[in-house]
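Some notes on the structure that comes next.
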Amino acid sequence: MKTVAVTLLAALALGAILLAATGANPLEAYQAIVTGAFGPDGFQDTLAYAVPVVGMATALAIPLRAGMVNLGGEGQLVLGAISAIAVGLHVPGPLGLVAALVAGVLAGALYASIAAVCETRLGVPLLVTTLLLSYPAMSFAAYLVRFPMRDEGSSLPQSDQLPADVRFTELAPGLFLIAAVVVVYAVVDARTPAGFETRVTGWGPRFAQYAGIDRPALTVRLLACSGGLAGLVGAVVALGFPYRFIDGALITPQYTWIGLLAALLAAANPLGTLVAAVFFAALTSGGFAMERETQVPRELTAVLQAVLIIFLAAATGLLRKRRNPA
Amino acid sequence: MIDAALFSSALGALTPILFAALAGALCQRAGVFNISLEGTMLVGAFAGVAGSWYTGSVWLGVLIAVLTGTAYSLILAVGHVSFGGDAIVLGVAINLLAVGLTSFLIRTVFGTRGTFSDPALQGLDAVHLPLVRDIPFVGTVLSGHSVLVYLSWLAVVALAVLLYRHPWGLRLRGIGEREDAAASLGVSVTRYRYGVILAGGALCGLAGAQLALGNVTLFSENMTAGRGWIAVVAVMLGRALPYGVFAAAVLFGLAEAFGFRLQGVGLPQQATDAAPYVVTLLALFISSARIRRTREST
Amino acid sequence: MTQQQPESRAVALRGIVKRFPGVLANDHVDLTVAPGEIHALMGENGAGKSTLMSILYGLSHPDEGTIELDGRSVTFSSAAQAIDTGVGMVQQGFALFNSLTVTDNVVFGAEPTRFGLLDRRRSRAAVAELIERHGLRLRPGDKVGDLPVGVRQQVEILKLLYRRARVLILDEPTAVLTPAETDRLFDVLRGLAADGHTILFVSHKLHEVLALSDNVTVLRDGRVTLRTATADTDRAALAAAMTGRDVELDKIYPTGSPGDIVLSAQGLTVAGHGKPALDDVSLEVRAGEVVGVAGVAGNGQTELVAAIAGLRALDAGTVTVLGKDIGRLAVRERRAAGLAHIPEDRVETGSAQGAKLGDNLATGFQRRLARRGWLRPGRIRDHAREIVEKFGVRAANQDVPMRTLSGGNQQKAILGRELTHDAPVLLVEQPTRGVDIGAVVNIHRQLIEYRDAGHALLLVSAELSEIRALADRVLVMYEGRVVAELTKDEATYTALGLAMAGGAS
Amino acid sequence: AANSPGATGGDGPSLVLVTPNPVGVNDFLKLAVTGIEDAASQAKGTQKVYESTDPASIQQNVAAAVRDKPDVVVAVGFNFADVLAQQAEQNPEQQFLFVDACTEKPYPNVTCAVFREYEGVYLAGAEAGLLTKSGKVGAVVAVDAPQFHRYSEPFGLGAQKTRPGAALSPLFIGGANPFNDPGRAKELTATLAGQGVDHVMGAASASGNLGVFEAAKEHGIFAFGVDANQCPASPGVVVDNVIKRTDVVITDGVTAILDGKRGETRSYGVKEEGISLTGLQPDVAESQCVIADHPDVLTQVEKLRDEITAGTITIDDPAAA
Ligand SMILES: Nc1ncnc2c1ncn2[C@@H]1O[C@H](COP(=O)(O)OP(=O)(O)OP(=O)(O)O)[C@@H](O)[C@H]1O
Ligand SMILES: Nc1ncnc2c1ncn2[C@@H]1O[C@H](COP(=O)(O)OP(=O)(O)OP(=O)(O)O)[C@@H](O)[C@H]1O
Ligand SMILES: [Mg+2]
Ligand SMILES: [Mg+2]
């Protein structure tokens, strides 16, 4: 803990120097980040970022626990969102809401399973297939909202708006859904044989095979859960304001990559992943607030965030090194 | 539809990807999963343009790009090798940092936002190969690229020689497989990993220089536009083997150039966007099926 | 290099202290070795032998104490410096590159070059020459990953010979060698010593130490308990110095009373490189019986167990346990049908080095320890504590990573875990490799108790004394086939040795 | 946020501009910033700029702007349609100026300002038609989407008007970063040049267009720029630019709102001089544009412009199709 604190301080000091060099007041800027992230107005923004970031972090942590890296979160996320919208536009009423969520989960799960099957059947590494499959999925969704599913009234690449009863008008339902998933993940991880077997696989593939763990089946199962959750995150975001699929809306905010950072930093530990993801979400909304409140150019916010992550990664690395000397 | 111009333009366009992919392959062989190629290339591009602009010499610009890329990759080297930080986390952060840093510097260094270009900015000239240029088709394809394009081909051969013919190559392949075993034979894992990461930084510097001074002559915010990620994919497809990576980059470049032409016959851009990735996937399936078959037959 | 003054010391370690969290691994250890001397280092598991040797080799740094080489004080901050100074070490366990050839593994880090590039011809010739000179069973061009474990150890020794180390440290080098190979190695070592090389030899095997060494140092709990000329000591004295008590050595257990056939394998065939790794092997093991499998490493023993355990696919043949055909089942289903397995590779296959001891012990029990589908940390701890206590695993607590346990204690943990399954069939490979004599006695007793409780054991061991001590019946393998079947009485050293060389009728 | 402290007298009206993307490379957004600065200094008020990066930050920046309670919140770009509708409904007291698009339903507190850039593109196409030798014109456009077809289709129509039978080849950049990939823009332009196209409409964004110009220069063909005068970037290559006077439109709109003219939709095209060509500006001679050397072409294009202004020529909005 001390190491993390020291490196965080170092990162903040470096950031302060950068800020001061551009003529900004570092204290004011940092204060703006904190109030922007946790103040009465900003906290809402932080939560709004936290829902997708925590969701994606957990989605990617699930296979990571078994040492499998899913680099295709973006494709699964986007497919989940577009499927939820496609279903939500056609199934009316509260049933539509449920159907849309289910469609999102299924789309993400199925798509991620393809990558898993490619590894177990064809021997192409998961890391590669997940990453590669991500791009066609994004292109496909982009195509759908530019042509067949396009909102006729608008010139933007976006779908129609969902009917009024197939919407999450508040943040709360999405927040609860994702929170519930995090709790389920934590419990399954710590308290079930399935979670235990996942961890065993993460410790070593040879040991897992020897212990009788069916790796191919586990791979498919974990990837389905991972993709399903990514799809759920997509569905939750798409069902929220502005109640439609906008091309790029799930990609530009980097939910997936920030989520992956959180999961990796925490070594896929459920609680650690949650903490790291919330921290990154707060940093993002705080960064925007700092831009609004102070004279700091927005590029500098990005620099500050990146520096912080680099120091954090180094600190956790050092921590892990200390704990398990090779 | 398929003519010499298609191959020629694909070769130029894929050079930054190839340089970066070689950097990735080198790191991969030493057991470092380097995904900071995108950001390092971007920093290299910026340094190349700034260097060329302030010194008035494109060669000094290239040199400065290489040095800056090397220096920038120190972040990964120190963070991952010395501190033991996760390479993927560091890589993603290094990419974010590069975007922020270059956008910020373009303001402070050039006093402009977004894009810097000037007719007086020196770019790399096309080199017309004597003799080769006169061969029909082949001449059009192979001649008339920047020096860095040819250098990238040399780099492929150099990497193959390094990996399979030079003691360093043997050692870093060993490190990639079992670092403790290498260490027990007195081979410094730290030093070799620093070496490959920094050399990778230099290659990414070249990638950036070709992108900003060869392919175009300007610097623009985030102008790498995902090429570093494509390089990561090329490393995977080419299984981190020098010629494999080269083939992967060429396949990718051709698929992309061909995709542009398919737009001309009415295919939507989103379909042609996906084409290189789909082609790569298919190539992977085929190659891994072949590897399986040969494995089973022995 | 050979002309030293009689009192000169090639190696002198003085007052070495090394602490690990919760353990004093070396406690003011002094060790002096003269040039041309073969010095044996003995001690129980965890006594601190490997720690002391890795300090001498620069892999770890002493908290206190000094190192002298040829009378000059040295400090190594890395193995590279140690190698440059002429100190070489074969570590316990393997440190090899499986994807590289034997040649590349050997020359790694000290490659012959020509115009700056690798000189493959010279490398290969040098390695071939060494192989030839020391009569090893290796080909320079083979991929190490394709070699059986026993043969891989020879590559390790070759690495050392290639490096022309003047001080050679061998940490349990003979663990996987057959008697004949061990003899050959000893000849080599004696030759090297005669050349003035200094040899530090870590071993648990009393007869080897007595046969080879000039002097012996015994460690217990990090402290030196005996330092003597080999000629002045005997097996009982060494064993007592190691364990602090008297141990019953070389006990040969009487045969049990076999019941019904529990494990039956018929016509097992597994492809290998060129010729099959397993060629039409059939065997049966009865309840209450230990069937030993002897053979020179690399003759199919590993593949036999892997094929039965489900870690390697069968090309032909059937395996039944209690009458149930398991030959095509997954590992989990085979285990459920009644198999337990102590693998020869305890580092990667038998355990997860980075995971906690407790979790290692719980692996395989996760479903049985669950109640109504839920796992309770308390039950996992209880389960682990039982095994630790019953099998005398020495560890600070069950939350330490497996890798911090000494090799012998890791073996005890794995043995304990697999015996606790209470499965009708136990596959055991090299159960006492690298294990100290005190522990060997215990492990043997536990295996026999397990047999007498009515279980069927298939025992693969490179240690003929172990085969003779435990096996009720012995199968000898040669080039993938069973070439001899001997009863306990027939299985003399001579008979076994003959059959293992392929000379049985 | 890049907010210069605005004009002096801080007691005037306060303005907040929210952009959909970082202002960075975007000439269109740079003009918007100029517009808000001009509007603030004219009214002796203050201004701030909030730059967004994605839909989530757009939403938060608009919410933050509304919390500040400025006199006018200015938003630029289609991306704001949903957010402005929501905020306008929840905050009837807050005045909004929505530039470049409009909410689906009208709101009394939302004033819209939209462009008919296709009229300008048509005129540029007409210039290309008059200048082309091969009879083939092309367009390099950031993404394949109806909104951006406004930069390709009218270009072809304009060319056909002045050169019957002229053919248009549009190509789209796409990829990971379509609005900022000069390398790809350059390749695409080279591809068009290889097909015999000799005049290319560059709608690849400000930085992407630099790639278009480089390729045009290397292949000896001509290009058209967008949003601002891009001719100095590549003199002798850039024929003309379709300029979009976001600055004028914003000052105009802010003044109208402050004067109490609220809730209407104001459309800016060639007639209103919200859309124009560099060649049709009075200072064309200093523009470094190729068109300055073709007064004959300009005469004909001025005639076409007058016809559009008079309504005798109407051009369909490709995005509305
Ligand atoms: N001397 C060489 N020059 C160029 N290429 C070589 C050379 N030696 C090997 N290769 C290429 O590398 C391939 C694999 O070589 P090698 O077995 O050394 O790689 P590896 O480290 O085992 O990697 P992997 O098994 O992961 O592919 C060969 O099939 C060949 O294509
Ligand atoms: N890296 C480490 N961290 C913590 N404890 C360690 C570490 N390495 C060794 N130890 C402990 O130090 C003691 C000495 O271990 P060492 O490996 O030297 O024993 P050994 O005599 O070689 O045993 P064996 O015969 O089993 O190989 C043991 O208690 C071991 O658990
Ligand atoms: Mg030891
Ligand atoms: Mg190989």
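Rule-based calculations on the coordinates, nothing more; no lab input. Given the structure is predicted, the values throughout are model-derived calculations rather than measurements. Cβ atoms come from the backbone with ideal geometry, glycine included; neighbour counts cover every protein chain shown.
In table form, for the structure just shown:
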{"item": "Loop GluC sites (Glu not before Pro), the stretch D:93-185, which have at most 10 other Cβ atoms in a 10 Å radius of their Cβ (DSSP)", "result": "D:93"}
{"item": "Phi to ³J(HN,Hα) by Karplus 6.51 cos²θ - 1.76 cosθ + 1.60 over the stretch C:295-309, Hz, x for Gly, Pro", "result": "x, 5, 3, x, 10, x, 4, 4, 5, 4, 5, 4, 5, 5, 6"}
{"item": "DSSP bridge orientation in the stretch D:181-321 - percent antiparallel, rounded to nearest 5", "result": "25 percent"}
{"item": "Cα-Cα pairs of chain C separated by more than 30 Å (percent)", "result": "50 percent"}
{"item": "Theoretical ellipticity at 222 nm over chain A - DSSP helices of four or more residues, -39500 (n - 2.57) apiece, nearest 500", "result": "-25000 deg cm²/dmol"}
{"item": "30 Å Cα-Cα threshold exceeded, pairs from C:18/C:205; C:412/C:488; D:133/D:303; A:321/C:205", "result": "A:321/C:205"}
{"item": "With eigenvalues of the C-alpha gyration tensor scaled by 5 and rooted, the stretch B:4-297, Å", "result": "29, 26, 19"}
{"item": "Whole-Hz ³J(HN,Hα) from phi, Karplus 6.51 cos²θ - 1.76 cosθ + 1.60, for the stretch D:275-292, glycine and proline x", "result": "10, 7, 10, 4, x, 9, 7, x, 8, 4, 4, 8, 6, 6, 7, 4, 4, 4"}
{"item": "Segments C:315-327, D:208-220, C:193-205 sorted - mean Cβ within 10 Å per residue, highest first", "result": "D:208-220, C:193-205, C:315-327"}
{"item": "For the protein assembly as shown, share of DSSP beta bridges that run antiparallel, in % to the nearest 5", "result": "40 percent"}
{"item": "Distance in nm between pseudo-label sites at residue A:98 and residue B:55 (7 Å out along the Cβ direction from Cα)", "result": "6.9 nm"}
{"item": "Within the protein assembly as shown: Cβ-based charge dipole about Cα centre, in debye rounded to nearest 20 (Lys, Arg +1; Asp, Glu -1)", "result": "3220 debye"}
{"item": "Estimated FRET transfer efficiency when R0 is 30 angstrom, pair residue C:180-residue B:290 (beta carbons, to 0.05)", "result": "0.10"}
{"item": "Surface/4 of the Cα convex hull for the stretch A:2-315, nm²", "result": "17.5 nm²"}
{"item": "Chain D: translational diffusion in µm²/s, Stokes-Einstein, Kirkwood Rh over Cα pairs, 4 °C, 1.567 mPa s", "result": "65 µm²/s"}
{"item": "Dipole moment magnitude, nearest 20 debye, the stretch C:353-422 about Cα centre, only Lys, Arg, Asp, Glu C-beta charged", "result": "240 debye"}
{"item": "Positive-end residue of C:118, B:82, C:46, charge dipole of the protein assembly as shown with Cβ unit charges", "result": "C:46"}
{"item": "Nearest 10 degrees, 0 to 90: helix D:246-258 Cα axis against chain D principal axis", "result": "30 degrees"}
{"item": "Inter-chain Cβ neighbour average for residues A:14-22, partner chain, 10 Å", "result": "1"}
{"item": "Point-to-point label distance, residue C:487-residue A:4, nm (Cα→Cβ direction, 7 Å offset)", "result": "6.8 nm"}
{"item": "Among B:204, B:8, B:285 - extreme Cα towards positive end, dipole of chain B, charges at beta-carbon", "result": "B:285"}
{"item": "Relative contact order of chain D, pairs being alpha-carbon contacts under 8 Å that are 6 or more residues apart, as %", "result": "18 percent"}
{"item": "Distance between the stretch C:446-505 and the stretch B:62-93 - C-alpha centres, whole angstrom", "result": "57 Å"}
{"item": "Cα gyration tensor, the stretch D:104-196 - rounded (a/c under 1.5), prolate or oblate", "result": "oblate"}
{"item": "Shielding by partners, peptide D:100-108 (average Cβ within 10 angstrom, other chains)", "result": "1"}
{"item": "FRET efficiency, residue D:68 to residue A:171 (Cβ-Cβ, R0 22 Å, nearest 0.05)", "result": "0.50"}
{"item": "Total charge dipole magnitude, chain D, about the Cα centre, Cβ charges on Lys, Arg, Asp, Glu only, Debye to nearest 20", "result": "260 debye"}
{"item": "For the protein assembly as shown: rounded, prolate or oblate by the Cα gyration tensor [a/c cutoff 1.5]", "result": "prolate"}
{"item": "Rounded to 5, the percent of DSSP beta bridges in chain D classed as antiparallel", "result": "5 percent"}
{"item": "Ranked by how many other beta carbons lie within 10 Å on average, peptides C:21-33, D:176-188 from highest", "result": "D:176-188, C:21-33"}
{"item": "Rg over Rh, two decimals, the stretch D:235-321 (C-alpha only, Kirkwood Rh)", "result": "1.05"}
{"item": "Three-way shape label, the stretch B:62-199, alpha-carbon gyration tensor, a/c 1.5", "result": "oblate"}
{"item": "Sequence ranges C:119-130, A:49-60, B:206-217, D:234-245, ranked by mean other-Cβ count within 10 angstrom, highest first", "result": "B:206-217, A:49-60, D:234-245, C:119-130"}
{"item": "Spatial separation of Cα centroids for the stretch A:94-112 and the stretch C:261-329, in angstrom", "result": "48 Å"}
{"item": "Modelled label reach - residue B:158, point 7 Å along Cα→Cβ, the stretch B:200-239 residues with backbone N closer than 16 Å", "result": "B:200-210"}
{"item": "Shielding score for D:166-173, defined as the mean number of other chain Cβ atoms within 10 Å", "result": "3"}
{"item": "Helical mean residue ellipticity (222 nm; -39500 (n - 2.57) per DSSP H run of 4+; nearest 500) of chain C", "result": "-9500 deg cm²/dmol"}
{"item": "Residue among A:15, A:207, A:127 farthest towards the positive dipole end of chain A, charges placed on Cβ", "result": "A:207"}
{"item": "Between the stretch B:215-260 and the stretch A:5-54, the Cα center-to-center distance that results, in Å", "result": "36 Å"}
{"item": "Loop-located chymotrypsin sites (Phe, Trp or Tyr not before Pro) in the stretch A:225-276 whose Cβ has at most 10 other Cβ within 10 Å (DSSP)", "result": "none"}
